[in-house]
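Trainee: Have a look at the structure that comes next, please.
The values are calculated or read from the model by the stated rules, or taken from the named source; none is laboratory data. All of these numbers come straight from a predicted model, not from anything done at the bench. Neighbour counts run over all protein chains shown; Cβ positions are idealised from the backbone, glycine included.
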Amino acid sequence: MDALDLIVNRASVPPRLHEEADLDDAALEQILASAVTAPDHGLLRPYRFITIRGKARERLGDVFAEAARIRNPDAEPGTIEKDRQKPLRSPVVVAVIACITPDHPKAPEIEQILTAGMAGYNMVLAAQAMGLGGIWLTGAPTYDVHVQSALGVRASEDLLGFIYLGQPKRDFKAPRRPDWRDFVTAWGDDD
Ligand SMILES: Cc1cc2nc3c(=O)[nH]c(=O)nc-3n(C[C@H](O)[C@H](O)[C@H](O)COP(=O)(O)O)c2cc1C
């Protein structure tokens, strides 16, 4: 698949369509290597990634469950269990963290967050290029201080979400996309 095809036919693959089998180390390394090619004003490298695999996913699930219980002490056990199971849905979960340099003279905070976001997107795209499935998910756990603290996210950092990766169970098709014309105007072209 060429690069343009890959982008135009990009599709996230949700965890329910991921095989249980773990990814090869080499595949994950390639995905992570693709993250650090994101455009980066000032070359600040304003990101870091935490991989969660194997048994560590169970520990993260316990953290998600505890966080859900703290958020809502009256939550039904089923709801808590749902959160506990989340990291187990895919063999590899990668937490994406933006590491912000405050008051940078060239790259304001929003640019640094964009760079970290593009790094995450690169991973989803690289996974697809390698025939793997990936999806970026946030949900309540991402914005939960208990989860952030368990992952060691510092005050100067933002947890941007989790990329779930796995071997796809079946072929997937790109969803219907909007017409790009609905989002584009040509400025200064009206005479
Ligand atoms: C920062 C970010 C967070 C997201 N969080 C969620 C989420 O928590 N739950 C969800 O269903 N989709 C979430 N999505 C959307 C999916 O990653 C995905 O884009 C969506 O399912 C549409 O599929 P597509 O990427 O193939 O168009 C998120 C996307 C981004 C960029």
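Trainee: Please verify whether SER12 is of a type in the set (S, T, N, Q), part of a helix (DSSP H, G or I) and under 24 Å from ASN122 (Cα atoms), treating the condition exactly as stated.
Mentor: No, not satisfied.
Trainee: Among the residues of region 132-156, write down those that are surrounded by fewer than 20 Cβ atoms within 10 Å (Cβ to Cβ), more than 9 Å from the ligand (Cβ to nearest atom) and over 16 Å from PHE64 (Cβ atoms).
Mentor: Scanning region 132-156 gives ARG154, ALA155, SER156.
Trainee: Next up: Please go through region 43-61 and pick out each residue that is within 20 Å of the chain's Cα centre (by Cα) and either modelled with pLDDT under 95 or assigned to a helix (DSSP H, G or I) (or both).
Mentor: ALA56, ARG57, GLU58, ARG59, LEU60, GLY61 - these are the residues of region 43-61 that are within 20 Å of the chain's Cα centre (by Cα) and either modelled with pLDDT under 95 or assigned to a helix (DSSP H, G or I) (or both).
Trainee: For region 157-177, name all the residues that are surrounded by fewer than 18 Cβ atoms within 10 Å (Cβ to Cβ), within 28 Å of ALA21 (Cβ to Cβ) and either within 11 Å of the ligand (Cβ to nearest atom) or of a type in the set (Asp, Glu) (or both).
Mentor: ASP171, PHE172, LYS173, ALA174, PRO175
Trainee: If you don't mind, another one. Quickly run through region 105-131 and pick out the residues that are surrounded by fewer than 20 Cβ atoms within 10 Å (Cβ to Cβ), closer than 23 Å to ARG16 by Cα and within 11 Å of the ligand (Cβ to nearest atom).
Mentor: TYR121, LEU125
Trainee: Related question: Based on what the data block shows, is VAL184 farther than 20 Å from ALA56 by Cβ, of a type outside the set (S, T, N, Q) and either within 15 Å of the ligand (Cβ to nearest atom) or over 12 Å from the mean Cα position of the chain (by Cα) (or both)?
Mentor: Working: farther than 20 Å from ALA56 by Cβ: yes; of a type outside the set (S, T, N, Q): yes; either within 15 Å of the ligand (Cβ to nearest atom) or over 12 Å from the mean Cα position of the chain (by Cα) (or both): yes.
Yes, satisfied.
Trainee: Could you check, for region 121-129, whether at least one of its residues is more than 19 Å from ALA3 (Cβ to Cβ), aromatic (Phe, Trp, Tyr) and under 15 Å from the mean Cα position of the chain (by Cα)?
Mentor: So far as region 121-129 goes, no, none of its residues is more than 19 Å from ALA3 (Cβ to Cβ), aromatic (Phe, Trp, Tyr) and under 15 Å from the mean Cα position of the chain (by Cα).
Trainee: Name every residue in region 91-113 that is in contact (Cβ under 8 Å) with a residue 60 or more places away in the chain and not small (Gly, Ala, Ser), in order of residue number.
Mentor: Matches in region 91-113: PRO91, VAL92, VAL93, VAL94, VAL96, ILE97, HIS104, LYS106, GLU111, GLN112, ILE113.
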